[in-house]
Amino acid sequence: MTHLKKMKVVILAGGFGSRLDEVTKSIPKPLVKIGKEPIILHIMKIYLKYDIRNFYIATGYKGEELAKFFLKKKKINKKIKNKLKFGLSINFSINNKKCKVTLLNTGLNTMTGGRVKRISKIISDETFLLTYGD
């Protein structure tokens, strides 16, 4: 399974989460908790079971909140906000498994296909996995 470590996973996390409007006014849908953990961690843990550890998260609505979550910070500065536009890479651990998370702001009103197209510049022509997180 070592070849899977290099596999890339794109998680779409930029939607407005309008069906959860009451909760998603302050956080993006991927950070809504199921039990004690946010949706995005549940998704990532599924891939980690198969030793897939390279995540690209296409953000939009409340993307800065995702950056705060992965950076474990209460606030983020202008420099971090700027990096979100071009890809902010973070080393992150889940259950003692190290993984790489790259957050990319794919636009507030960008639809699904547009998010995939924008992140394709980073993925290039490699095979990747795609999951809805929003």
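List of remarks:
- Solvent exposure of the chain, expressed per residue, is 61 Å² of accessible area, with all protein chains present and a 1.4 angstrom probe.
- Carbon plus sulfur fraction of accessible area for the chain, probe 1.4 Å, in percent: 53
- The residue 33 and residue 125 beta-carbon pair, evaluated with R₀ = 30 Å, returns a calculated FRET efficiency of approximately 0.25.
- Solvent-accessible surface (1.4 angstrom probe) belonging to residue 47, in square angstrom, nearest 10: 40
- Label-to-label distance, nm, for residues given as residue 21 and residue 86 (7 Å Cα→Cβ offset): 3.9
- Summed residue charge, Cβ within 15 Å of residue 21's Cβ, Lys/Arg positive, Asp/Glu negative: +2
- Taking a straight Cα-Cα cut-off under 18 Å and skipping sequence neighbours fewer than 8 places away in the same chain, the aspartates and glutamates within cross-link reach of residue 78 are 64, 65.
- If you run the Gaussian network model on the chain, springs between alpha carbon atoms under 10 Å, then out of 20, 48, 31 the most flexible one is 20.
- Rounded accessible area of residue 126 (nearest 10 Å², 1.4 Å probe): 80
- Highest-fluctuation residue, 68, 29, 49 considered, GNM on the chain with Cα pairs under 10 Å: 49
- Note on the chain: along the principal axes its Cα atoms extend 41, 33, 30 Å, ordered by decreasing extent.
- Per-residue extension of 0.36 nm, minus the Cα-Cα distance of residue 132 and residue 96, leaves a gain of 10.5 nm for this segment.
- For the chain, relative contact order (Cα pairs under 8 Å, six or more residues apart, normalised by length) works out to 36 percent.
The values are calculated or read from the model by the stated rules, or taken from the named source; none is laboratory data. From a predicted model like this one, the values you see are computed outputs, not experimental measurements. Methodologically, a virtual Cβ is constructed for each residue, glycine included, from the backbone with ideal geometry; neighbour enumeration extends over all protein chains shown. Accessible surface is based on the protein model in full, side chains and every heavy atom, while ligands, DNA and RNA are left aside. Shrake-Rupley method; radii C 1.70, N 1.55, O 1.52, S 1.80 Å.
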